[in-house]
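Bear in mind these aren't lab numbers, they're just calculated from the coordinates by the rules spelled out. On a predicted model such as this, the values are computed, not experimentally measured, just so you know. As a convention, Cβ positions derive from the backbone with ideal geometry for all residues, glycine included, and neighbour counts pool all protein chains shown.
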Amino acid sequence: MNFKPSREFAIHQLNTFIEKNLMEYSRLRNFDFGPNKRSNVSCLSPYVSHGVINEVEIINKSLKKFSFIKTEKFIQEVLWRVYWKGWMELRSNVWTDFLQDLKVIKSNFKNNQNYSDAIEGKTNIDCFNFWVEEIKKHNYLHNHARMWFASIWIFTLELPWQLGAEFFMKHLLDGDSASNTLGWRWVAGIQTKGKHYSAKEWNIKKFTNNKFDKIKLNENSLPQTDERLYRIISKEFKDAKLVENKNLLVFDNNLSFENSDFKNNNFKKIYLISNENETRQIILSENVLNFKKFLLDDQEKRLNKKSIKCERINIADVKNIEENVYAFYPSVGENLDYININNLENIEFLYRKIDKYSWKFCNKGFFNFKNFIPKIISEAV
Ligand SMILES: Cc1cc2nc3c(=O)[nH]c(=O)nc-3n(C[C@H](O)[C@H](O)[C@H](O)COP(=O)(O)OP(=O)(O)OC[C@H]3O[C@@H](n4cnc5c(N)ncnc54)[C@H](O)[C@@H]3O)c2cc1C
């Protein structure tokens, strides 16, 4: 598994997956065959989460090769990301509460031995220790391993889910405020209230081909509870009126301008914005920061090739731009937090068509959202 930081590689990965593995995806997707054998899943999340390739391209390419019925499971998974993002947009307090809770919990757990054993991979659960090493080395975990990991963290090691979510954000190349926070909440049993994910020894053995011994887990846990109610915030996701020759800000979640819905608009200049640890609330590992930097380099190169004027700046320098600018909407997360905390009111947002269309269906569960997938495909893909 080698996540090369380029769009060219992402496209190659997508094409190979569609050609060779998509047909077996729904049968094999739950197996974690280890870091050197990942062809049963697409491994596209580090690229999709940075917008290097997008959901529309993935779905279109898949449907060009196979029918909807044959690709339905994969398309559903691809749209989970859109769903989680929309869900979070409508209840952004979930993100702010997570960050606030995390601050308090971190200081309470500063000297906690169980916590430091967990993040050092020194527990008495072999598979868990293996995944700690894997995430630090490869900055990726299979979806099933993420579920097992989170479940063991919460219910066997009895650590707060917020610390686990922070650990994932720090090390995952695809670290995403919505998918990660809501994924952890879902495992804990507070996302779908009363329903948690309990990792079982037999399940880990089956889906890792009996790779691990010594899996003593608490398999009789109860879901966690969180009494806070998150009412839906009424928000309008409407593009600013587009005027030619204004500048555009592009954050690290939208790094393929030339394939965006706005590729035919004339912007004076594109600012490619990096966000380093100094301006983040969750500190990222060096591997993750480097990956982001190389993806920004790659976007810059592609813009230069097309003679589109662009400049790299740090998010802290956005304050110095005095004129009104457009920005691709960065979604609930660290980039948007920076804009809000600093009251940067000269920024007008542009939204992706797929988000504008789909987010209205994120008011309920994914089961409900799934019903709208054919509509989303016909209207927004
Ligand atoms: C506790 C936990 C934390 C997670 N944190 C993140 C995260 O920070 N960032 C992240 O991108 N995903 C996260 N996921 C979701 C999922 O594990 C990854 O998206 C998936 O493993 C990526 O591998 P892949 O590209 O090979 O997926 P594939 O199985 O090939 O799926 C194709 C694409 O569909 C999307 N997708 C698939 N499953 C999910 C899902 N459950 N939620 C959202 N999108 C999905 C991804 O864009 C993925 O690239 C988390 C899941 C859990 C249980």
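Of all the options Tyr326, Tyr230, Tyr338, the one that moves most in a Gaussian network model of the chain with Cα springs shorter than 10 angstrom is Tyr230. Counting lysine pairs in region 303-381 that sit 8 or more residues apart in sequence, or on different chains, and whose Cα atoms lie under 16 Å apart gives 4. Give, to the nearest whole percent, the P(r) tail of region 71-211 beyond 27 angstrom, counting all Cα pairs. For region 71-211, the fraction of Cα-Cα distances above 27 Å is 18 percent. Each residue of region 78-95 is assigned a 3J(HN,Hα), and the resulting list reads 4, 7, 4, 4, 4, 5, 4, 4, x, 4, 5, 4, 7, 9, 5, 5, 4, 5 Hz, derived from the Karplus form 6.51 cos²θ - 1.76 cosθ + 1.60 (θ = phi - 60°), x at Gly and Pro. Length available on full extension from Asn30 to Ile11: 0.36 nm per residue minus the Cα-Cα distance, which gives 4.5 nm.
Compactness check for the chain: Cα Rg over 2.2 N^0.38 Å is 0.98.
Backbone geometry of region 99-107 corresponds, through the Karplus equation with coefficients 6.51, -1.76 and 1.60 at θ = phi - 60°, to 3J(HN,Hα) couplings of 5, 5, 4, 4, 4, 5, 4, 4, 6 Hz, x marking Gly and Pro. Between the beta carbons of Leu289 and Asn60, assuming R0 = 35 Å, the FRET efficiency works out to 0.65 to the nearest 0.05.
Over the chain, Cα pairs under 8 Å with separation of 6+ residues give a relative contact order of 20 percent. Label-to-label distance for Ser378 and Asn342 is 4.5 nm, based on points extended 7 Å past Cα in the beta-carbon direction. Note on Lys137 and Glu258: with the Förster distance fixed at 35 Å, the Cβ-Cβ geometry gives a FRET efficiency of about 0.60.
Phi angles of region 24-37 translate, via the Karplus equation with coefficients 6.51, -1.76, 1.60 and θ = phi - 60°, into HN-Hα couplings of 9, 4, 5, 7, 10, 4, 7, 7, 9, 8, x, x, 9, 9 Hz per residue; Gly and Pro are given as x. Using a/c under 1.5 as the rounded threshold, could you call region 246-350 rounded, prolate or oblate? The axes a ≥ b ≥ c are square roots of the C-alpha gyration tensor eigenvalues, and prolate needs a/b larger than b/c, oblate otherwise. Judged from the Cα gyration tensor, region 246-350 comes out oblate (a/c at least 1.5, b/c at or above a/b).
Summing charges over neighbours of Arg185, with a neighbour being any other residue whose Cβ is under 12 Å away from its Cβ, gives +1 when K and R count +1 and D and E count -1.
In plain terms, the chain from Arg38 to Glu158 could stretch by 40.2 nm, reckoned as 0.36 nm per residue minus the Cα-Cα distance. Taking a Cβ cut-off of under 13 Å around Ile152, the surrounding Lys, Arg, Asp and Glu residues balance to a net charge of -1, with basic ones at +1 and acidic ones at -1.
For Lys246, nonlocal amide neighbours, meaning residues 5 or more places apart or on other chains whose placed amide H falls under 5 Å from its own, are Lys268. Amide H contacts of Glu348: Val325, Tyr326, Ala327, each under 5 Å away and 5 or more positions distant or on a separate chain (H built 1.01 Å from N in the peptide plane; Pro and chain starts excluded).
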